[in-house]
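This report refers to the structure that appears directly beneath it.
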Amino acid sequence: MGAPGDISSLLALKHLQIQNIRNLQHVRLVELQRVNVFFGRNGAGKTSILEAVHLLGMGRSFRGSSIRSLISHDAQSCTVYGEVSVGETTHETGSGPLVTLGVQRELSGEVQIKIAGKPARSIAQLVEQFPLQVISADSFDLLTGAPGGRRQYLDWGVFHVEHRFFGEWQRFQRCIKQRNNLLRRGKIDDQELSVWTRDLAAAGAAISEYRKAYFQLLTSRFKTIMRQLAPSLEDLDLRYRQGWDKSLTYAEALEHGVHSDIEQGYTHSGPQRADIRVLSDGHLAADTLSRGQQKLVVCGLKLAQGQLMAEMGRGKCTYLIDDLPSELDKQHGELVCGLLASMEAQVFITCVHRQDIISVWPSSSQIAMFHVEQGELEQEYPDFLKSGTKN
Ligand SMILES: Nc1ncnc2c1ncn2[C@@H]1O[C@H](COP(=O)(O)OP(=O)(O)O)[C@@H](O)[C@H]1O
Ligand SMILES: [Mg+2]
């Protein structure tokens with residue numbers, strides 16, 4: 001754990017302004033800390049705060065809600081503006097250089113993203129500046145949902161640690177779209193098909209290699225974390241499925257499958273079919289583990305990604321944890337919080353009562369507490385935390 005003097009170096013998001021996100025009309029947060037807790041009754045606006053932070057880092061809702069449901073009922077647009085520290089911390093200033101981020105989304109669907117005051121070219125730029133991880137009720141989908149969510153999870157990590165990945169991923173998307181368009185056409189030009197197949201094979205093999213290399217590193221972090229979080233779950237394992245027969249190269253798999261691809265009008269095999277299987281004692285975690293155990297596994301998966309990113313010198317990601325105490329007993333709540341605290345990542349946590357988090361978070365930490373009520377926030381400084389809060 002860093003000494004109190006180091007704290008500013010650990011912050012990612014320093015200031016946040018929110019306008020017209022759900023029930024938050026105007027909210028300004030200027031005293032963000034490494035650990036930020038938002039507590040209050042149901043419907044107060046806690047999850048909406050996390051939605052605002054997520055909009056700032058990803059340009060969209062974390063619950064997959066439409067932009068219409070994110071914008072306050074009586075408004076035409078919503079805006080978030082924040083300052084994040086990036087790069088190495090200098091001793092002179094005690095923090096890294098600051099970059100301003102701004103995202104505005106309109107009912108009409110228009111999106112405006114500004115980074116350091118200049119329009120951004122893509123959301124990828126935003127994601128790179130302010131990496132986020134979410135743990136919420138929807139995160140169970142990582143175990144119980146469709147493979148797409150697990151690919152997204154994996155690709156988030158590869159994107160942040162392997163800078164060549166995104167270009168190949170874009171190339172792969174372009175090639176598969178073109179190849180499928182061609183396959184859907186009645187009369188197929190063999191030469192055109194072989195050109196797209198060749199390019200697809202190259203891009204597909206490249207992204208698959210990046211994913212595999214990342215997955216190996218991730219698995220070892222995940223297992224170490226799970227030994228701490230849930231030692232009773234002994235035989236936890238992750239398996240990667242690349243999306244085609246593993247005895248073949250991707251080019252060979254495409255060649256073998258070309259007739260069925262033509263017959264059915266789309267590309268059957270490839271990284272677009274990849275998946276991760278999370279196993280407990282050889283059985284799918286989704287089928288055998290209790291809800292609480294599943295939450296621990298989800299936390300383990302997300303913490304492993306943050307840890308790996310930091311280890312690889314790619315900075316720290318900020319964690320948004322909606323309703324942290326739900327499904328976790330006190331002992332496991334303490335273990336999750338202890339790991340988050342030791343990672344020194346910035347966290348935004350929601351819960352109903354302030355005690356829900358105070359009782360499980362390591363006591364030496366600096367925590368900013370915000371009471372949320374009807375879309376308004378008030379910062380609170382409990383007595384025992386005063387020595388740890390910013391003066
Ligand atoms: N588009 C919207 N405009 C205004 N209020 C909204 C909108 N969507 C949801 N709300 C309201 O925002 C409130 C806060 O929701 P939420 O942040 O999910 O609460 P909680 O504190 O329980 O996490 C709810 O009372 C909800 O009815
Ligand atoms: Mg909520």
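Points worth noting:
- Unmet requirement for Asp138, which otherwise passes all of (1) out of contact with any Lys or Arg (no Cβ under 7 Å at 6 or more places or on another chain); (2) surrounded by 14 or more Cβ atoms within 10 Å (Cβ to Cβ); (3) over 28 Å from Ala201 (Cβ atoms): (1)
- Qualifying residue in the range 121-132 (condition: at pLDDT 95 or above and over 14 Å from the mean Cα position of the chain (by Cα)): no
- Among residues of the range 291-313 being among the charged types (D, E, K, R) and surrounded by fewer than 18 Cβ atoms within 10 Å (Cβ to Cβ), the one that is farthest from ligand 2 (Cβ to nearest atom) is Glu311.
- Looking only at residues in the range 35-87 that are more than 11 Å from ligand 2 (Cβ to nearest atom) and among the acidic types (Asp, Glu), the one that is farthest from Gln112 (Cα to Cα) is Asp74.
- Check on Arg151, surrounded by fewer than 19 Cβ atoms within 10 Å (Cβ to Cβ) and touching a Gly at 6+ places or on another chain (Cβ under 6 Å): no
- Among the residues of this structure, Tyr381 does not count as one that is among the aromatic types (Phe, Trp, Tyr), buried (at least 16 other Cβ atoms within 10 Å of the Cβ) and in contact (Cβ under 8 Å) with a residue 12 or more places away in the chain.
- Of the helices (runs of 4 or more DSSP H) lying entirely inside the range 1-81, not one carries at least 2 residues that are under 21 Å from Asp323 (Cα atoms), at pLDDT 95 or above and outside the structural domain of Gly109 (by TED's automatic domain parsing).
- Test: residue in the range 115-137 that is more than 30 Å from His353 (Cα to Cα), within 16 Å of ligand 1 (Cβ to nearest atom) and assigned by TED's automatic domain parsing to the domain that holds Ile321: no
- For the range 211-233, the set of residues classified as within 20 Å of Gln173 (Cα to Cα) and surrounded by fewer than 21 Cβ atoms within 10 Å (Cβ to Cβ) consists of Lys212 only.
The values are calculated or read from the model by the stated rules, or taken from the named source; none is laboratory data. Treat the numbers as computed from the prediction; the structure is a model and nothing was measured. Neighbour counts run over all protein chains shown; Cβ positions are idealised from the backbone, glycine included.
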